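Below is one structure, written out as structure tokens; comments come after it.
Values quoted throughout were computed directly from the atomic coordinates according to the rules given, and no laboratory measurement underlies them. Since this is a predicted model, take the numbers as computed values, not measurements. So basically every Cβ, Gly included, is an ideal-geometry build from the backbone, and we count neighbours across all protein chains shown.
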Amino acid sequence: MATGFPLAALRKRGKMFECIFNESSIYKCLLNGDWVESKLKKRDKIYSPSDGELVGEVQSISKEEADVFIETAKSAQIAWAGVPVNERAKIIHQAADILDKEKEVVADILVKEIAKNKKSALSEVARTVDFMHFTAEEGKRSVGESIRSDAFPGFGKGKVSIVNRVPLGVILAISPFNYPINLSASKLAPALVAGNSVVFKPPTQGAISALYLARVFCKAGIPAGVFNVITGQGREIGDYLVSHPLINMIAFTGSSKVGRNLAQKAGMKPLLLELGGKDAAIVLEDADIETTAKNIVSGAFSYSGQRCTAVKRVLVLEPVADQLVKAILPLVKKLKVGNPEDDADITPLINDKAADFVQELIDDAISKGAKLLLGNKREKNLMHPTLFDQVSVQMRLAWEEPFGPVLPIIRVKTVDEAITIANQSEYGLQSSIFTKNIDAAFRVASQLDVGTVQINGKTERGPDHFPFIGVKSSGLGTQGIRYSIEAMTRSKATVLNLQ
Ligand code: NAP
Ligand code: G3P
């Protein structure tokens, strides 16, 4: 029975590279099934944010070299798209199983490379394993439709449009430092199961973790050339990759600043952009204060606030503000500050520049009269959790994304004032509403200009088959397993003109 393009033929080179993706701590790039070094021998050193130790070195690929990666992906894509989807899905399942087996190794790299505590690192890997299995199955469910002509006035039964989903071609996947495994696989798995080939540019700080993920895909038997990995500074190589004529679609997660620049450089290419956030937790007078406080604290401070969906401001109705502050403060005080190896809740930020920016926002709030309840304590890039009350809209902290462990509490007089302040943000990722009154919750939710509203729960992405949407400066398009597959494919109609 014909089964489309013979996968075995494509796999012939698969087995060679198992142990040569790094020599000592120098990590290579993946090109056409081989692990390669930059001919210019240019590399970036990756240091641990928590102890400054060298984690390893990654290649810094030049624009000229990048052409080869992209052309390779282009030439491999057609054959890959011809492989039956059940066989492509099998490879994604295998990759998930291998990642599961290697979860301890990969988690330890995350702890070193991005100072994520071990518990969160393991949950990121486990979540990614589930994501990949789910995506493999969803990829098999991507169906088309057929439409008959006689539904339209003046047309008989003479035409049938057979509409299929087809891959877009070569997908450029770019991911951020805070989830180098999960937010990479969230692009790679949907792209590959849908029959696209991929050029993957991981974050520089997080590249080594991402290369471990790339090796997993190779071990699972992704044919040579279908999946290629370029490492290098985004500010050096990013614009070139994004504007490259052979790239057919870009899936990017990162800051709004880089996202906006990318959208300008990408021309007519389809984009899936997941960008920054300034998620508000709106607390109404009848909220269950204890549950609300727990959700707000874990939402604001997990991974030291370095999450796009972190709760980044509280808008609380005045009559319950004191109660809420009394409930939040002890929970923040309980947070363990220290090293990721010791599973601390608050660990060093990704770099000093990130910590400087958080300190700037703290200083601005203090200079403008915010009430410091806790924190404003710093050891290099380790920022202790900081909690402010009486924050006003004149303060930068009310609007800017700290991407660090600082939480501003803004007291409001009315629900309408809360909605106004929430919608005045340039960002539109998520919001939470805490209330026992479900009608009020839906009324407020309908007025909030964000991608997702969480009722009585913290702002968060996932489960990963849910749609994940950023509006305004928070993004373009919808992520989430089925939605990502749809964003990485397009309709193609074949019309039968029956004689
Ligand atoms: P970033 O600085 O924007 O970097 C994101 C990725 O873009 C990295 O791989 C980076 O490479 C690359 N890059 C840099 N300049 C580029 C260019 N000119 N063209 C193409 N790519 C370029 O963001 P980050 O600091 O890694 O992550 C934090 C930000 O991402 C926060 O704003 C956060 O809210 C946002 N984020 C959003 C989501 C979401 O799902 N909405 C999820 C996570 C993070 P280098 O690492 O080499 O610079
Ligand atoms: O910042 C990463 C983003 O995608 C958030 O994911 O699951 O931490 O809400 P999560």
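Summary table below
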quantity: Relative contact order of the stretch 308-423, defined on C-alpha pairs under 8 angstrom at six or more residues apart (%); calculated: 32
quantity: DSSP beta bridges in the chain [antiparallel fraction, %, rounded to 5]; calculated: 45
quantity: Tensor-based shape of the stretch 408-465 (alpha-carbon gyration tensor, a/c under 1.5 rounded, otherwise prolate or oblate); calculated: oblate
quantity: Cα-projected label distance for Arg490 with Tyr240, points at 7 Å along beta-carbon direction, nm; calculated: 2.7
quantity: Magnitude of the charge dipole, the chain, Cβ model with Lys/Arg +1 and Asp/Glu -1, debye to 20; calculated: 1180
quantity: Peptides 423-429, 143-149, 261-267 ordered by average Cβ neighbours within 10 Å, highest first; calculated: 423-429, 261-267, 143-149
quantity: 23 Å Cα-Cα threshold exceeded, pairs from Lys45/Lys112; Lys140/Lys492; Lys41/Lys353; Lys333/Lys413; calculated: Lys41/Lys353; Lys333/Lys413
quantity: For Glu360, net neighbour charge (Lys/Arg +1, Asp/Glu -1) across residues whose Cβ lies under 13 Å away; calculated: -2
quantity: Formal net charge of residues neighbouring Gln264 (Cβ-Cβ distance under 12 Å; K, R +1; D, E -1); calculated: +3
quantity: Two-site label geometry, Ala151 and Glu71: point separation in nm, points 7 Å out along Cα→Cβ; calculated: 4.6
quantity: Ordering of 67-73, 311-317, 56-62 by burial proxy (mean other Cβ atoms within 10 Å per residue, highest first); calculated: 311-317, 56-62, 67-73
quantity: Rounded to 10°, Cα long-axis angle of helix 256-265 versus longest principal axis of the chain; calculated: 30
quantity: Aspartates and glutamates with Cα under 16 Å of Lys458, excluding same-chain neighbours fewer than 8 positions away; calculated: Asp279, Asp288, Glu290
quantity: The chain, relative contact order in percent, only Cα pairs under 8 angstrom and at least six apart counted; calculated: 17
quantity: Three-way shape label, the chain, alpha-carbon gyration tensor, a/c 1.5; calculated: oblate
quantity: Phi-based couplings in Hz for the stretch 395-411 (Karplus 6.51, -1.76, 1.60; Gly and Pro marked x); calculated: 8, 4, 5, 6, 10, 8, 8, x, 6, x, x, 9, 10, x, 9, 10, 8
quantity: Net charge of neighbours whose Cβ lies under 13 Å from the Cβ of Val85, counting Lys and Arg as +1 and Asp and Glu as -1; calculated: +2
quantity: Förster-model FRET efficiency, 25 Å R0, Lys42 and Asn351, C-beta, rounded to 0.05; calculated: 0.75
quantity: Per-peptide average of other Cβ atoms within 10 Å, ordering 94-102, 487-495 highest first; calculated: 94-102, 487-495
